[in-house]
Structures are given as structure tokens and as C-alpha cells.
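Visitor: My structure is below; once you've seen it, I'll send some questions.
The values are calculated or read from the model by the stated rules, or taken from the named source; none is laboratory data. All of these numbers come straight from a predicted model, not from anything done at the bench. Cβ atoms come from the backbone with ideal geometry, glycine included; neighbour counts cover every protein chain shown.
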Amino acid sequence: MNRDGVLIIGLGVSGLAAARLARKKKMTVYVTEHRRHAANEERFRELEQLGIPFETENTQRFFPLCRQAVLSPGIPVSSPYIREVKEHMALIGELEFAFQNMAPGKTIIAVTGTNGKSTTVRLIQALLEGQGYTAASVGNIGLPLSDYFDGPEEFLVCEVSSYQLETIVTFKPQTAVITNITPDHLDRYENSFERYFKTKLRIAENMDSSGRLVLNGEDDRLKKAASDYAPRTFLFRLEGLKEQGTTVTKGYICYQDGSAQEKILRVKDLALPGRHNLENALAAVTAVMPFVRSQKRLSQSLADFPGIEHRLEQVCEINGILFVNDSKGTNVDSTRKALTAFPGKKVVLILGGDDAKKSDFSPLIPLIRKNCASVILLGETTPRIAPLLEKEKVAFVKTGSMKEAVDRGFKAARKGEIVLLSPAAASFDLYSDFEERGRDFKEKVFQLGECV
Ligand code: UMA
């Protein structure tokens, strides 16, 4: 029996992209996916068109034909099926598979971190394009690296999740950025922040001294841990930066390398709102600096960048109430950042979602007390958040749908206040992903009345 096949495990967007890549590279490929339903029907149809054999339950049927498995990031390596797979063949993740097959000549800038990844990725792409390069934002942002392995782009700006880093072997970006690391996804790491932290750092494990590692300079633990790695380290921090990297001096975003300091842009000319976005901007500048051809164009692209959908996205204003979609706020830290993005304004917060992560919501309470007029609870987390708010005497209502949450938020908010969807939880209790949740929020907002 010929054992040269590749077994793609999972037929989400990653699995499909890996299957396409394998087929283009003329590999013998099989797909195993444990569910066939309306939402993935089109993917199965594509496999049929490509002539790729598949099964709709995870069995051992293809094991004797395969030497390598390619895992989708959402499937934990510790699951019983994956343990069986590993007894029969080598296992890598989709990101690693794409990297191993990457066409030569591309520069990969990889971005990981708990929050700010997507904004930083999109901003790096915009800054590179502003310099005249071709670039794409890929990876965990929703566009698997496998779909870009032989594309025309000179730069691939790749958002990388901890899930993807669990299964790398040789993945080696030229530049890596770690935006920040705070607790998230701990359910996947036996509740150990240490394990999650170490997984994130794997982004730099194959880089050598020609690489550039961009780190959040406010995180001493990160700086210390990164000193074990080979690439040159550049930092970003809002103030007091002594090392090489990007900081704010006298109201200007400044880049410093050695003794010289270059002014890039006045902070108040940045379109992106919030302190955390300023940090993302500093990170992005630090990452692109070696590729800058025109500093004037760098300043312009930085000033013009409007932000991304579902991330503190200003939807519209109705009767003087601003609606903000932060559906991508899927963890506690991210919602804390959202709550500090509107200084001097009171917020009606729509909070809650899927409870699989069993996050501790108590770190939100001081900011809710300080910045929120009231809280609208939605989703599976309600029974765990409600008692916390009750204890702190914070006004809240429980709702059962996005429509109800938006209607209640609109009624509760006064002129000049903000209705903010920032759930601090994943969306899978009511939606297929945070994008669907964000779109639903916006749709319900648009139904309220005339937007300005
Ligand atoms: N499955 C099996 N057997 C199992 C378990 C699952 O066959 O035992 C199947 C599932 O039915 C599913 C597939 O395997 O069809 C798993 O797919 P997946 O969950 O890996 O999803 P993809 O569509 O491939 O999307 C993944 C990322 N999803 C996750 O990491 C959970 C997407 O990140 C990413 O955008 C995409 O690859 C492209 O790189 C999403 C995410 O939530 C947005 N990421 C987390 C985050 O950002 O916090 C890490």
C-alpha cells in the first residue's frame, strides 16, 4: 500500500486551504471532518470537484495511506482522535504546512499576542502598501496562510494564534511581533497562564540573529523570556523607552534606533481611537521600519488608517447616542481596553457570550463601576456575570437576543453616551463567529432609526 498521502484534519477554512495547497502541489490528499452540515456543504462540494477523497466522521480509514497529518487550529492536539493520528503519522498544523510549501522570496511578518493582533496586522499591511509593496493580511485573521503560498504578494502579514503555534516545527518569520500577553483560552492550556505564555513565545523559536522581534516594552516578563531567543529585539511602549524601538515623545510617535530619534507622526493626527490602538500603531511602525522607503508616506498611511471592522468600530449615531461594535472583544482584557477608549463618556455595555473559556470576569468590575452607566447582559455567561454585578450594585438587565440587547441599550443610554458591544467572551453560544455577531449587532442598530 502506498503511504505517501497527506491527511487534512478538519474542513474549516484552514482545512480547505490546506487541501487546495496539497492538490496544487500534486500531493495525494485525504480529508477527515467529523461533521457535514449546511454551513460546510460548499467546502465538501469543492473537495468533490478537486477529486479529493474525504470522510464525514473522524475514523482511521485513511491512516494506512498517509505519512503526514495537517491539523486545523481549532482541534486540540490533546483530543483522543489526534492522539490516535499521532501514533500513525507525523502531525503538523496548517500554518506550518503552508510555511513548508511557501514559494521563495516572500517576507513573512508574523503577529501574535492576546489583543491587538488583527488591527496591528491590517495596519502593517497598510503601511507596507503605502510604501509601494504588495502585501496581504493572512492567518488567524480568517485567511489561512495556505491560500497565499504562491500568490503575487511580496509581504505576508500573518496573524498567528496560540493554537497555530502549538503545531509549528520550522515556522520562521523574518519579523515577529508580540503585542501583549494576558490570560485567554486557558481552557486549552489546563488553566495554566504559563503554558499559554510559552506557546505564544514559540513564534520566535526558529528565528536567528537576522530576524527582528518586536515586543511590548511594558511587559517585563515578556522581555525577560524573549532574551533567550536569537533575533534582535525592538520594543514599543507609550512612554519612557530607553531601548531601540518606537515610543511617544512630546506628543509625537518617534522611532529610535541607536542614538537617533525620528519623528513619525503627531499622536493627535492618528485616526485610530484609544490608547491601546496607539500601542498597536507603535508596534506596527517598529515592524515596518526596515522596509520604509519614504517617511512622508509612512506618516500619511499611519494617519489615514481607519481601524478594522468589529474592533471598536463606530457604527453610527442615533439621537446623539453613539453605537460601537467591538464584537472582536472576546476576552476580558480586550473589553477592559474598550472600556477605557472613550474618556469622559459613559458607556452602556452589552456584555457576555459563550462560556466555554470560564473566564474570570471580576477584573472588569472596577472599570464598569467607573465608566458604565449600566450593563446589558447577553449570552451563556449571564448566570456567572449577574451575581458579580449584583454584589457591586451595578445596574444591569438580562436579555435573550441581540435585538432585545440593542433595544434595551438604546432605551437605557442618554444623549452623549455610548452603547458598546464588547462581550469579553466568544460568540459561539449564539453565532458561528464574532463577525456574524458584530454584523447582527449593526443590523439591529440600523433598525432603530436614522443613523448619522
Ligand atoms: N473537527 C473535526 N474533529 C474534531 C474537532 C473538529 O473534524 O475533533 C472539525 C470541525 O467540525 C471544523 C474543523 O474541524 O470543521 C476545525 O476547524 P477550525 O476550528 O480550526 O476552524 P477554521 O475554520 O479552520 O478556522 C481557523 C481558526 N479557528 C480557530 O482557531 C478556532 C480561525 O480563527 C482562523 O481565522 C482560521 O483558521 C484561518 O487561519 C478564529 C478564532 O476564533 C477566528 N481564533 C482564535 C482567536 O482568535 O481567539 C484562536
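Visitor: List the strands (runs of 3 or more DSSP E) inside segment 349-452, counting only whole elements, that have at least 3 residues being within 17 Å of Arg311 (Cα to Cα). Even if it seems obvious, please write down each step before you answer.
Guide: On the way: elements: 372-378, 396-399, 418-421.
The qualifying strands (runs of 3 or more DSSP E) are 418-421.
Visitor: If you take the residues in segment 119-135 that are of a type in the set (A, V, I, L, M, F, W, C), under 26 Å from Ile92 (Cβ atoms) and away from the ligand (no atom under 13 Å from the Cβ), which one is surrounded by the fewest Cβ atoms within 10 Å (Cβ to Cβ)? Explain how you work it out, then say what you get.
Guide: As a first pass, look at segment 119-135 and keep what is of a type in the set (A, V, I, L, M, F, W, C): 121, 123-124, 126-128, 135.
Keeping just the survivors that are under 26 Å from Ile92 (Cβ atoms) gives 121, 124, 135.
From what's left, away from the ligand (no atom under 13 Å from the Cβ): 124, 135.
Numbers: Ile124: 27, Ala135: 22.
Checked segment 119-135; the qualifying residue surrounded by the fewest Cβ atoms within 10 Å (Cβ to Cβ) is Ala135.
Visitor: Residue by residue through segment 119-176, note down the ones that are of a type in the set (Val, Ile, Thr) and touching a strand residue (DSSP E or B) at 6+ places or on another chain (Cβ under 8 Å). Break it down stepwise before answering.
Guide: Pass one, segment 119-176, residues of a type in the set (Val, Ile, Thr): 119-121, 124, 134, 138, 141, 157, 160, 167-170, 175.
Within segment 119-176, Thr120, Val121, Ile124, Thr134, Val138, Ile141, Val157, Val160, Thr167, Ile168, Val169, Thr175 qualify.
Visitor: Right, another one. How many residues are hydroxyl-bearing (Ser, Thr, Tyr), within 11 Å of the ligand (Cβ to nearest atom) and farther than 19 Å from Gly151 by Cβ when one looks only at segment 13-38? Step through it out loud before you land on a result.
Guide: Filtering segment 13-38 down to residues hydroxyl-bearing (Ser, Thr, Tyr) leaves 14, 28, 30, 32.
After this cut, where a residue has to be within 11 Å of the ligand (Cβ to nearest atom) as well, the list is 14, 32.
The next check asks that each one be farther than 19 Å from Gly151 by Cβ; those that pass are 32.
Of the residues in that region, 1 qualify.
Visitor: What are the residue pairs meeting all of these: first residue in segment 156-180, first residue assigned to a loop (DSSP other than H, G, I, E, B), second residue within 15 Å of the ligand (Cβ to nearest atom) and aromatic (Phe, Trp, Tyr), Cβ atoms under 7 Å, and 6 or more apart or on different chains?
Guide: Thr170/Phe99; Phe171/Phe99
Visitor: Just for segment 225-266: of the residues that are within 24 Å of the chain's Cα centre (by Cα) and outside any strand (DSSP E or B), which one is farthest from Pro183 (Cα to Cα)?
Guide: The qualifying residue farthest from Pro183 (Cα to Cα) is Pro231.
Visitor: Residue check: is Ser192 farther than 19 Å from Ala284 by Cβ and not hydrophobic (A, V, I, L, M, F, W, C)? Steps first, answer last, please.
Guide: Details: farther than 19 Å from Ala284 by Cβ: yes; not hydrophobic (A, V, I, L, M, F, W, C): yes.
Considered against the rule, which asks whether it is farther than 19 Å from Ala284 by Cβ and not hydrophobic (A, V, I, L, M, F, W, C), Ser192 comes out as yes.
Visitor: Looking at segment 1-96, what strands (runs of 3 or more DSSP E) fall wholly within it and have at least 2 residues that are loosely packed, with under 13 Cβ neighbours inside 10 Å and either of a type in the set (Gly, Ala, Ser) or over 26 Å from the mean Cα position of the chain (by Cα) (or both)?
Guide: On the way: elements: 5-9, 29-32, 66-71, 90-93.
Counting at least 2 such residues, we get no strands (runs of 3 or more DSSP E) at all.
The rows are residues; the columns are (1) more than 24 Å from Glu436 (Cβ to Cβ); (2) more than 12 Å from the ligand (Cβ to nearest atom); (3) touching a residue at least 12 places away in the same chain (Cβ under 8 Å).
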| residue | (1), (2), (3) |
| --- | --- |
| Asn40 | no, no, yes |
| Glu48 | yes, yes, no |
| Gln68 | yes, yes, yes |
| Ser72 | no, no, yes |
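Visitor: Based on what the data block shows, is Gly353 within 16 Å of the ligand (Cβ to nearest atom), more than 15 Å from the chain's Cα centre (by Cα) and either under 10 Å from Ser422 (Cα atoms) or modelled with pLDDT of 95 or more (or both)?
Guide: Details: within 16 Å of the ligand (Cβ to nearest atom): yes; more than 15 Å from the chain's Cα centre (by Cα): yes; either under 10 Å from Ser422 (Cα atoms) or modelled with pLDDT of 95 or more (or both): yes.
When the stated conditions are applied, Gly353 passes them.
Visitor: Follow-up question, since we're still on this one. For Asn319, only one of the following conditions fails: (1) under 26 Å from Arg266 (Cβ atoms); (2) polar (S, T, N, Q); (3) surrounded by fewer than 17 Cβ atoms within 10 Å (Cβ to Cβ). What is its number?
Guide: (1)
Visitor: Working only within segment 302-322, note down all residues that are more than 19 Å from the chain's Cα centre (by Cα) and farther than 17 Å from Phe434 by Cα.
Guide: Leu302, Ala303, Asp304, Cys316, Glu317, Ile318, Asn319, Gly320, Ile321, Leu322, listed by residue number.
Visitor: Could you give me the residue pairs with C-beta distances under 9 Å whose first residue belongs to segment 280-309 and is hydroxyl-bearing (Ser, Thr, Tyr), whose second residue is part of a loop (DSSP other than H, G, I, E, B) and surrounded by fewer than 22 Cβ atoms within 10 Å (Cβ to Cβ) wherever it lies, and which are 6+ apart or on separate chains?
Guide: Thr286/Gln244; Ser294/Gln131; Ser294/Gly132; Ser301/Gln131
Visitor: Could you list all residues from segment 160-202 that are acidic (Asp, Glu) and more than 15 Å from the ligand (Cβ to nearest atom)? Break it down into steps so the answer makes sense when it comes.
Guide: Just the residues of segment 160-202 that are acidic (Asp, Glu), to begin with: 166, 184, 187, 190, 194.
Within segment 160-202, Glu190, Glu194 qualify.
Visitor: Considering segment 103-116 alone, what residues qualify as being among the aliphatic types (A, V, I, L, M) and buried (at least 17 other Cβ atoms within 10 Å of the Cβ)?
Guide: Ile108, Ile109, Ala110, Val111
Visitor: Same structure again: Tell me whether segment 407-417 contains one or more residues that are in contact with a helix residue (DSSP H, G or I) (Cβ under 7 Å, 6 or more places away or on another chain) and buried (at least 18 other Cβ atoms within 10 Å of the Cβ).
Guide: Residues of segment 407-417 in contact with a helix residue (DSSP H, G or I) (Cβ under 7 Å, 6 or more places away or on another chain): none.
Scanning segment 407-417, I find no residue that is in contact with a helix residue (DSSP H, G or I) (Cβ under 7 Å, 6 or more places away or on another chain) and buried (at least 18 other Cβ atoms within 10 Å of the Cβ), so the answer is no.
Visitor: Is it the case, given these coordinates, that Ala110 is in a strand (DSSP E or B) and under 13 Å from the mean Cα position of the chain (by Cα)? Step through it out loud before you land on a result.
Guide: Working: in a strand (DSSP E or B): yes; under 13 Å from the mean Cα position of the chain (by Cα): yes.
In short, yes.
Visitor: Conditions: (1) under 28 Å from His185 (Cβ atoms); (2) in contact with a helix residue (DSSP H, G or I) (Cβ under 7 Å, 6 or more places away or on another chain); (3) within 11 Å of the ligand (Cβ to nearest atom). Ile109 meets all but one. Number of the miss?
Guide: (3)
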